Amino acid sequence: MTINVVIADDHVLMRQGVSQMLNSHEHISVIDECNDGVELIASVLKHSPDVILMDISMPRMSGLVAIDKILAQRAAAKILVLSMHNEVEYVEAMRDAGAKGYILKESSGESLIDAIKKVAAGKICFPDTEEKNNDGQCQKHISPLSVLTRREREVFFLVAAGNTSKKIAELLDMSLKTAENHRSNIYKKLNLSSSAELIRMAGKAGLLE
């Protein structure tokens, strides 16, 4: 059975290289390539691919927002994030957002193909996010974003990117009051008092793109 894949990455050479590599595999077919999150959503609704392979950092719409909008319309969509970010916070944020897998761009072609097959089969495919504590024991990393709802995480990343509440409302198709309420709730949950503090937190946690 052929696994139909849609790829979204604004780095053209990277996207085309991955596409060519996947198309050379007997059981994988790249049916569309997208440059950003807006194009990706349209493509997913049109083609209903078996696996969505997408980057986090894309123009016009971030990966996190794209995931939310895709799952709102295709709840069963199988999303595999292909990213350059190896920080635990990114992995956990994408897992919490509803992605089925996460793989680094530095991974081998074989690893990527294996991840696509696992996600297509309904399996979860994430790197190990456990860290050693002072006693050498493993402990699961808890993302600072774990206390936020999916919509609040979208707003968090948009605030971290320097967007105003008005711009966030436009990007997420919500009222200004709703955007400001989400922003206020984020500050309360994370014990922050300003966007500057949020940006500092995001930077320390490796969440700034």
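The values are calculated or read from the model by the stated rules, or taken from the named source; none is laboratory data. A quick note: this is a predicted structure, and the numbers were derived from the prediction, not measured. Cβ sites come from the backbone with ideal geometry, for glycine too, and all protein chains shown count toward neighbours.
Worth pointing out:
- Every residue from region 59-79 that is polar (S, T, N, Q) and crowded, with 16+ Cβ neighbours inside 10 Å: SER62
- So LYS105, is it surrounded by 15 or more Cβ atoms within 10 Å (Cβ to Cβ), over 20 Å from SER194 (Cα atoms) and modelled with pLDDT of 90 or more: yes
- In region 69-102, residue modelled with the highest pLDDT [restricted to those that are touching a Ser or Thr at 6+ places or on another chain (Cβ under 8 Å) and either at positive phi or aromatic (Phe, Trp, Tyr) (or both)]: TYR102
- The one condition in (1) at negative phi; (2) without any contact (Cβ under 8 Å) to a residue 40 or more places away in the chain that ARG60 fails to fulfil: (1)
Here is a yes/no grid of residues against (1) polar (S, T, N, Q); (2) in the same structural domain as ARG151 (by TED's automatic domain parsing); (3) surrounded by fewer than 16 Cβ atoms within 10 Å (Cβ to Cβ); (4) more than 21 Å from VAL147 (Cα to Cα):
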residue: ASP50; (1), (2), (3), (4): no, no, no, yes
residue: ILE56; (1), (2), (3), (4): no, no, no, no
residue: VAL81; (1), (2), (3), (4): no, no, no, yes
residue: GLY109; (1), (2), (3), (4): no, no, yes, yes
residue: LYS117; (1), (2), (3), (4): no, no, no, yes
residue: GLY122; (1), (2), (3), (4): no, no, yes, yes
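- Some residue of region 172-179 being closer than 23 Å to GLU92 by Cα and not assigned by TED's automatic domain parsing to the domain that holds ALA66: yes
- Of the residues making up region 170-209, those that are surrounded by 20 or more Cβ atoms within 10 Å (Cβ to Cβ) and either of a type in the set (Gly, Ala, Ser) or touching a Lys or Arg at 6+ places or on another chain (Cβ under 7 Å) (or both) number 3.
- Some residue of region 111-131 being modelled with pLDDT under 90 and in a strand (DSSP E or B): yes
- Residue list for region 1-46, filter: buried (at least 19 other Cβ atoms within 10 Å of the Cβ) and among the basic types (Lys, Arg): ARG15
- Which numbered condition VAL88 fails, given (1) crowded, with 16+ Cβ neighbours inside 10 Å; (2) touching a strand residue (DSSP E or B) at 6+ places or on another chain (Cβ under 6 Å): (2)
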